[in-house]
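Peer 1: Sending over a structure as structure tokens; questions will come in a sec.
The values are calculated or read from the model by the stated rules, or taken from the named source; none is laboratory data. Because the structure is predicted, anything quoted here is derived from the model rather than measured. Cβ placement follows ideal geometry from the backbone for every residue including glycine, while neighbour counts extend to all protein chains displayed. We work out accessible area using only protein heavy atoms, side chains counted, and drop any ligands, DNA or RNA first. Shrake-Rupley method; radii C 1.70, N 1.55, O 1.52, S 1.80 Å.
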Amino acid sequence: MHVSIVGAGVIGVTTAYYLSRQGHQVSVFDSKSTTGAGTSFANGGQLSYTFSDALASPGFVKAIPGLLAHRDIGARIRFSPRFLRWGLLFLAQCTRQRSDANTLATFRAALRSAELMHALRDHTGIEFDHKCAGKLVLLFSEQQVRNARRGIALKSGLGSDNALLSYEETVDIEPAIREFVHKPLAAVYSPGDEVGDAHRFCEAMRQWLEANTDTQFHLGRPVDRIDDDKGRVRGVTVAGERHAADAVVLCAGAHSPALAPSLKLPIEPMRGYSLTLPPGPAPPSVSVTVLDRHFVFSRLGDRMRIAGFADFRGYHAGNIADRVADLKTTAQQVGPLAADYDADTGPGWSDLRPMTPDSQPCIGATAVNGLFTNTGHGMLGWTLACVSGERLAQTITADV
């Protein structure tokens, strides 16, 4: 088949890879001039295979009053009818039973994604600052410790290598945390979690796919619409020109609903931010998540990536510079020696994560014959990219 993919981020390029391995001809379209230039460009870099819990949970409900009162620096909300509809669906997933089921589904998918990422690296030989760095999730309250203990027990026996560590055990693994201003009570350690530069991955995969498979990239070419005739996909229209295809895969992240409004995809955009700085005098080498401040430190080669926050403001960007400054200040307050905060590295970065109420991506066939989706990965697109691409390719091949 000739398959067109809309979106050239980590989901789009991995989908292209697995489709090409099934023998399909692939065309990838993106409005950006390079691959991985949207949500994938400067994300947190974490391949969070074993700490990938669903966002909707009973604990999240308890945090809502603080969010509404703007007491949480890491989150901002703008209410709209669309957000309220999505929010009600999200709250329905906050029961213990549904939260556990969603967490376990994501965890199983993430473990498979880790296997596939290792196989992809062996097969292609690409480089993207990949490292099995391990991850520490710092816990600053007794409630966070109790939640972490329960989460570890939930995934025990299913391949999880997570462990709950004391402060002393935490700094034995990552001495740089001794230099943090506030000492955590404990931490969840995931020794098998990894880091990698998603943008470099996308560019390396584009080069490999163009050189080794029947895959073409059409960059700087925004898709006007997905074309269908009597319930059957015929291709995509770009700048008024029809590009025929036997199937179309929507991998456009938070922008997917606008390209296929009839599908009513349950996706709400959540804006995140990042800055990339030189390492400071005491940079962590292990990836670090500061849970109560909603940000991460990730060492990517000779760079320190600081990323996080969760703003539900619709598609409106707002004042990105102010939020990046908030992120920088927050990170400096926590880890003043982790990065060179005085370095002039530009204005920082921001983009939208495609959130679903249950943290499960929308992968598979749709009501329109020949139209498939691979979108809605929230904060875990980088983590779940390989397994999502494999599942989508299997679905399309089975549909032939």
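Peer 1: For the stretch 68-84, which positions are buried (at least 16 other Cβ atoms within 10 Å of the Cβ), charged (D, E, K, R) and within 26 Å of L265 (Cα to Cα)?
Peer 2: R76
Peer 1: Sort out which residues of the stretch 104-129 are open to solvent by 30 Å² or more (accessible area, probe 1.4 Å), in a helix (DSSP H, G or I) and closer than 15 Å to L47 by Cβ, and write them in order of number.
Peer 2: L111, R112, E115, H118, A119, R121, listed by residue number.
Peer 1: Starting from the stretch 174-194, take each residue that is over 29 Å from A114 (Cα atoms) and of a type in the set (A, V, I, L, M) and list its partners that are part of a strand (DSSP E or B) and open to solvent by less than 10 Å² (accessible area, probe 1.4 Å), counting only C-beta distances under 6 angstrom and pairs at least six apart or across chains.
Peer 2: Sorted first by the residue in the stretch 174-194, then by its partner, the pairs are L185/L139.
Peer 1: Here is a follow-up. State which residue pairs qualify: first residue open to solvent by 60 Å² or more (accessible area, probe 1.4 Å) and inside the stretch 146-164, second residue in a helix (DSSP H, G or I) in any location, beta carbons under 6 Å apart, and separation of 6 or more residues or different chains.
Peer 2: Correct list of pairs: N147/G59.
Peer 1: Can you tell me which of D229, D193, D214, D172 is more than 22 Å from the chain's Cα centre (by Cα) and closer than 23 Å to I11 by Cβ?
Peer 2: The match here is D214.
Peer 1: Can I ask one more? Filtering the stretch 213-233 down to residues that are open to solvent by 60 Å² or more (accessible area, probe 1.4 Å) and touching a residue at least 12 places away in the same chain (Cβ under 8 Å), which residue is farthest from A258 (Cα to Cα)?
Peer 2: My answer is D214.
Peer 1: Taking the stretch 379-400 as the search range and keeping residues that are surrounded by 24 or more Cβ atoms within 10 Å (Cβ to Cβ) and hydroxyl-bearing (S, T, Y), which one is farthest from V248 (Cα to Cα)?
Peer 2: T383
Peer 1: Just checking, which of V61, V13 is surrounded by 17 or more Cβ atoms within 10 Å (Cβ to Cβ) and among the hydrophobic types (A, V, I, L, M, F, W, C)?
Peer 2: So the residue among V61, V13 that is surrounded by 17 or more Cβ atoms within 10 Å (Cβ to Cβ) and among the hydrophobic types (A, V, I, L, M, F, W, C) is V13.
Peer 1: Of the residues that make up the stretch 181-195, is at least one buried (at least 22 other Cβ atoms within 10 Å of the Cβ) and assigned to a helix (DSSP H, G or I)?
Peer 2: No.
Peer 1: Just for the stretch 212-263: of the residues that are in a loop (DSSP other than H, G, I, E, B) and of a type in the set (A, V, I, L, M), which one is farthest from Y315 (Cα to Cα)?
Peer 2: A245
Peer 1: Listed residues L55, L47; which is crowded, with 24+ Cβ neighbours inside 10 Å and of a type in the set (A, V, I, L, M)?
Peer 2: Only one candidate passes the filter, namely L47.
Peer 1: Also, I was wondering about something else. Exactly one condition in (1) in contact (Cβ under 8 Å) with a residue 40 or more places away in the chain; (2) under 30 Å from R150 (Cα atoms) is not met by A101; state its number.
Peer 2: Checking A101 against (1) in contact (Cβ under 8 Å) with a residue 40 or more places away in the chain; (2) under 30 Å from R150 (Cα atoms), the one that fails is (1).
Peer 1: Another question about this same structure. Which ranges mark the strands (runs of 3 or more DSSP E) fully within the stretch 1-86 that have 2 or more residues being modelled with pLDDT of 95 or more?
Peer 2: So the answer is 2-6, 25-30.
Peer 1: Shifting gears a bit: Would you confirm whether or not the stretch 316-334 contains a residue that is modelled with pLDDT of 95 or more, more than 15 Å from L275 (Cα to Cα), of a type outside the set (G, A, S) and touching a helix residue (DSSP H, G or I) at 6+ places or on another chain (Cβ under 8 Å)?
Peer 2: Checking the stretch 316-334: at least one residue is modelled with pLDDT of 95 or more, more than 15 Å from L275 (Cα to Cα), of a type outside the set (G, A, S) and touching a helix residue (DSSP H, G or I) at 6+ places or on another chain (Cβ under 8 Å).
Peer 1: Follow-up. Which condition from (1) open to solvent by 70 Å² or more (accessible area, probe 1.4 Å); (2) at pLDDT 95 or above is the one that Q143 breaks?
Peer 2: (2)
Peer 1: Residue by residue through the stretch 165-175, note down the ones that are open to solvent by less than 40 Å² (accessible area, probe 1.4 Å), in a helix (DSSP H, G or I) and within 19 Å of T50 (Cβ to Cβ).
Peer 2: T170, the sole residue that qualifies.
Peer 1: Which count do you get for residues in the stretch 264-301 that are of a type in the set (D, E, K, R) and not in a helix (DSSP H, G or I)?
Peer 2: Total meeting the criteria: 4.
Peer 1: For the stretch 234-258, which residues satisfy the criterion of being under 21 Å from V13 (Cβ atoms) and open to solvent by 40 Å² or more (accessible area, probe 1.4 Å)?
Peer 2: If the condition is that a residue be under 21 Å from V13 (Cβ atoms) and open to solvent by 40 Å² or more (accessible area, probe 1.4 Å), then D246, H255 are the ones that fit.
Peer 1: What number of residues in the stretch 130-145 are of a type in the set (V, I, T) and either in a strand (DSSP E or B) or free of Cβ contacts under 8 Å to residues at least 40 places away in the same chain (or both)?
Peer 2: Residues meeting the conditions: 1.
The rows are residues; the columns are (1) open to solvent by 30 Å² or more (accessible area, probe 1.4 Å); (2) modelled with pLDDT under 95; (3) more than 17 Å from the chain's Cα centre (by Cα).
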| site | (1), (2), (3) |
| --- | --- |
| P278 | yes, no, yes |
| A282 | no, no, yes |
| F295 | no, no, no |
| R305 | no, no, no |
| P336 | yes, no, yes |
| A339 | no, no, yes |
| Q360 | yes, no, no |
| H377 | no, no, no |
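Yes or no, residue by residue, for (1) of a type in the set (G, A, S); (2) over 21 Å from T170 (Cα atoms); (3) free of Cβ contacts under 8 Å to residues at least 60 places away in the same chain; (4) out of contact with any Lys or Arg (no Cβ under 8 Å at 6 or more places or on another chain):
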{"site": "R271", "(1), (2), (3), (4)": "no, yes, no, no"}
{"site": "P279", "(1), (2), (3), (4)": "no, no, no, no"}
{"site": "S285", "(1), (2), (3), (4)": "yes, no, no, no"}
{"site": "H294", "(1), (2), (3), (4)": "no, no, no, yes"}
{"site": "D302", "(1), (2), (3), (4)": "no, yes, yes, yes"}
{"site": "D311", "(1), (2), (3), (4)": "no, yes, no, no"}
{"site": "A321", "(1), (2), (3), (4)": "yes, yes, yes, yes"}
{"site": "K328", "(1), (2), (3), (4)": "no, yes, yes, yes"}
